[in-house]
Structure formats: structure tokens, C-alpha cells
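What follows is one structure encoded as C-alpha cells, with my remarks underneath.
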Amino acid sequence: MQDKKESKLNKEAEHNRESLQLIVFKLGEEDYGIKISQIKEVVLTPSITKMPQTPAYVKGVANIRGNIIGIIDLEEKFGIRPGITTEEANQRNNYTLVVESETFKMGALVTEVPNTLTVSTAAIEKEVELVHNKNVDTGYIQGIVKLKNRLVILIDIFRVLTEDEAEKIELPQHEVG
């Protein structure tokens with residue numbers, strides 16, 4: 001009986017020692033985090049070209065290191081604030097979080113330089129009861145990171161867009177010279 005108790009305590013201690021590296025950035029007034037493994041790179045946003053027939057939160061496309069990728073505005077996608085135009089996005093000093101999965105590549109606009117943060121997995125509250133619009137899928141929210149003086153909303157960037165939305169911004173993968 002004692003061995004089982006010790007084993008359980010050892011597993012809990014190990015869980016508390018596990019850590020996760022995040023890229024943390026602001027959307028509106030709140031801090032959001034994405035696992036660093038989901039981010040390919042962070043770049044100063046180049047000029048964005050508006051594309052016709054795209055959702056309002058898709059600001060357009062940009063040439064990043066020879067690849068043309070769709071650029072989305074997470075603040076607009078999440079309904080945090082009214083959208084900005086592509087022209088307004090081009091006038092700001094934005095940063096782009098370049099995300100690449102097996103199925104799509106995209107860039108997410110952020111207005112401040114993102115920071116890295118290492119957190120204990122024990123600091124993540126995964127069972128979060130959210131007050132939200134029942135018609136909106138919030139399955140991309142993985143939890144809330146509890147820090148001493150702030151909370152960070154942890155999101156799975158690969159689940160922010162539905163499959164249909166990802167297809168709408170998916171571009172043929174080829175390099176531009």
C-alpha cells in the first residue's frame with residue numbers, strides 16, 4: 001500500500017517538474033500563448049497584398065522568405081476588436097507568427113514582439129469552464145496558464161481555423177524567386 005502511495009506522489013512530482021515552452025503575445029489586452037513547437041518563425045510583417053473573396057480576418061498574402069502565405073488577424077478572428085484593413089495592417093509595425101502544419105502554412109499577425117516563456121505543466125488549468133457563444137467553436141483553447149500576476153490563454157494554433165477555413169487560405173506551396 002505504501003509503495004502505491006509513493007508511486008503516485010512521484011508521478012505528481014514529475015508532472016510538476018515537466019515544462020512547456022510558449023510564445024506569448026497580446027491580443028487586445030490579454031496574453032495568449034502558443035506552444036513553441038507550433039511556430040516555425042517570427043518575422044517583421046512584410047507588405048501584405050489583399051486577396052479577393054477571402055474572409056474579413058484574412059488580411060491577404062505576404063512573401064516570407066520566398067514563400068507566399070496567407071496572413072490572418074487573430075484579434076478579428078476571435079472577435080476581440082473590429083478588423084483593420086490590409087492598408088492599416090501594412091502601416092503598422094506588426095510581427096507575423098509563421099505557422100506550418102502538414103496541411104497548411106499561414107501567418108498570424110501580432111502587434112507586439114512576442115516573448116518566450118517556460119511554464120510548468122502544473123500551472124496549466126486544462127478544465128476551464130468558459131462563458132462563450134455556443135455557436136462558436138472554442139476547441140482551440142487548450143487551457144489557462146496561471147502565473148503569479150497574470151493569466152495566459154493557451155491556444156492550439158492548428159485548431160484556430162476549421163478545415164474549410166484553412167482550405168480557403170491555402171495557397172499552392174511554391175517558392176517565389
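The values are calculated or read from the model by the stated rules, or taken from the named source; none is laboratory data. Predicted model, so just to flag it, every value in this text is computed and none were measured. Don't worry about glycine lacking a Cβ; one is built from the backbone with ideal geometry, like all the others, and counts go over all protein chains shown.
Residues that are within 17 Å of PHE104 (Cα to Cα) and among the hydroxyl-bearing types (Ser, Thr, Tyr) were ranked within the stretch 48-71; the one that is modelled with the highest pLDDT is TYR57. Scanning the stretch 78-94 for residues that are buried (at least 19 other Cβ atoms within 10 Å of the Cβ) and within 23 Å of LYS35 (Cβ to Cβ) yields PHE78, ASN94. A Cβ distance below 8 Å, combined with a sequence gap of six or more or placement on separate chains, defines the contacts here; from the stretch 17-33, residues that are surrounded by fewer than 20 Cβ atoms within 10 Å (Cβ to Cβ) reach residues that are part of a loop (DSSP other than H, G, I, E, B) and hydroxyl-bearing (Ser, Thr, Tyr) in the pairs LYS26/THR111.
Quick one: how many residues across the stretch 17-47 are in a loop (DSSP other than H, G, I, E, B) and either over 18 Å from MET106 (Cα atoms) or among the small types (Gly, Ala, Ser) (or both)?
If we filter the stretch 17-47 for residues that are in a loop (DSSP other than H, G, I, E, B), which is where we start, we get 18, 28-29, 45-47.
Next, from what is left, pick out any that are either over 18 Å from MET106 (Cα atoms) or among the small types (Gly, Ala, Ser) (or both): 18, 28-29, 47.
So the count comes out to 4.
Among the residues making up the stretch 143-174, a single one is outside any loop (DSSP other than H, G, I, E, B), in contact with a strand residue (DSSP E or B) (Cβ under 6 Å, 6 or more places away or on another chain) and at pLDDT below 65: ILE169.
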